[in-house]
Amino acid sequence: MIYPSTISSKLPNSGQSIFSIMSGLANEHGAINLSQGFPDFNPDKKLLSLVTEGMRKGFNQYAPMPGLLSLREVIAEKTEQLYNAVYKPDSEVTVVPGATYGIFAAISAVIREDDEVIVFEPAYDCYVPAIELNGGKPIRVELKFPDFRIDWSEVAKLITFRTKMIIINTPQNPTGSILGAEDMQQLMKLVNGSDIVILSDEVYEHIIFDSKKHESVALYPELAERSFIISSFGKTYHTTGWKMGYVLAPENLTKELRRVHQFLAFSTSSPMQYAYAEILKDPSTYMDLPAFYQEKRDYFANAVRGSRFEILPCYGSYFQLLKYDKITDERDEEYAKRLTIEHGIASIPISVFYRNKTDNNVLRFCFAKSNETLDKAAEVLCKI
């Protein structure tokens, strides 16, 4: 018998993540890994040298709990320049060890037993576990296939006196869809006069295509005053393994976020904070990102255009959805595994991001890869 025998799981329905499963399968079979969302190329050499510079300058001990002030100041400046929104570096900007951490801390800060949180599916897989661990109840709304839009009239019917939070994600992972100005107007109408908090996952804010505008909640004062905004240095600077992000929120929400943060990680890497503070002073490092990744999106799409896969629209993020119903009627999880084992290319099935395993015969492929990797993947896909 294993002691103590009375422990039961707080997340009984959560097994190994699909990202671990598919990456493990890719490694086992030597497959091209377009499943997990990370670049296979190195970050800017200047950023790497700045980390070393930070170490040599003595940034090797604990950073202040909210983050280095120099970094918080440049984040606030960037946010004001991009979205005309003023956040106080001392009390409304918090540097955290990764966006997923920021999401968990924000949910933990405000969600209590039996609070309801509206989540749009397919949803990034960290939202629901964080809600459930804090005693909350996820209220799921499916995005409308194939353009993955929100039916706001459906959302309105689900709001109750228990609704504490609405989580939005734009550009959206895993679909590559984005929210428009009309979506933000509809969201404002829904929450007007309520105490509902918005958690806006904007980690792909700088990876948006076709001259589309990123509709940050920071652009809308009525939303910003009730919102946590989560952003990621990893996605912007090709440094996902550094696990660095930040949270913007009005002072009252930031105060609660920091109450949680101080007992989870307290702070994050000092030399890396120094490096980001320096490189953020050059706006081209993030303003040039849409063109960089749009070129990769188009490169991959053109390379697979002659295949039997249907290319679905991608307006942001670095994920391309491919519909495979002309090839097989297998469920997406089964086909994703077979594609990895038999054809040597790993992807992510979209049904895993739905509670009810909604299956539209769609797989997600990450195009944040070198052109050589994309060429090899496309060659495989075009032969199927």
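Please treat every number below as a calculation from the coordinates, not as lab data. Computed from a predicted model, the values in this text were never measured in an experiment. Here the Cβ positions follow ideal geometry from the backbone for every residue, glycine too, while neighbour counts run over all protein chains shown.
With both labels modelled 7 Å from their Cα along Cα-to-Cβ, the M188 to I384 distance reads 4.3 nm.
Report summary: the helix-based calculation at 222 nm, which adds -39500 (n - 2.57) for every DSSP H run with n ≥ 4 and divides by the residues of the chain, gives -12000 deg cm²/dmol. For segment 139-231, chymotrypsin sites (Phe, Trp or Tyr not before Pro) are listed when DSSP marks them as loop and at most 10 other Cβ atoms sit within 10 Å of their Cβ; the list is F161.
Could you list, in their original order, any pairs among K57/K243; K144/K189; K144/K212; K157/K235; K144/K243; K57/K78 whose Cα atoms are separated by more than 30 Å? Pairs exceeding the cut-off: K157/K235; K144/K243.
Would you work out if segment 49-172 is rounded, prolate or oblate? Take a ≥ b ≥ c from the square roots of the eigenvalues of the alpha-carbon gyration tensor; rounded if a/c is under 1.5, else prolate when a/b is larger than b/c, oblate otherwise. Verdict is prolate for segment 49-172. The calculated FRET efficiency for the pair F19 and R56, based on their C-beta separation and a Förster distance of 56 Å, comes to about 0.95. Just check segment 203-260 against the gyration tensor rule for me: Cα atoms, a ≥ b ≥ c as the square roots of the eigenvalues, rounded for a/c under 1.5, and otherwise prolate or oblate depending on whether a/b exceeds b/c. Taking the square roots of the gyration eigenvalues as a ≥ b ≥ c, segment 203-260 is oblate.
Scanning residues 5 or more positions from T268 or on other chains, those with amide H under 5 Å from its amide H are A63, with H placed 1.01 Å from N in the peptide plane. Extending 7 Å from the Cα toward the beta-carbon at both F263 and E77 defines two label points whose distance is 3.6 nm.
Put in line by how crowded their Cβ is, counting other Cβ atoms within 10 Å and starting with the fewest, L133, L257, L11 read L11, L133, L257. For the pair segment 269-287 and segment 110-145, the centres of their Cα atoms are 32 angstrom apart.
Among beta bridges from DSSP that stay inside the chain, the antiparallel ones total about 50%. Loop-located trypsin sites (Lys or Arg not before Pro) in segment 321-368 (DSSP state other than H, G, I, E, B) with a sparse environment of at most 15 neighbouring Cβ atoms within 10 Å: K326, R331, R355, K357.
The alpha carbon centroids of segment 4-33 and segment 192-226 are separated by 32 Å.
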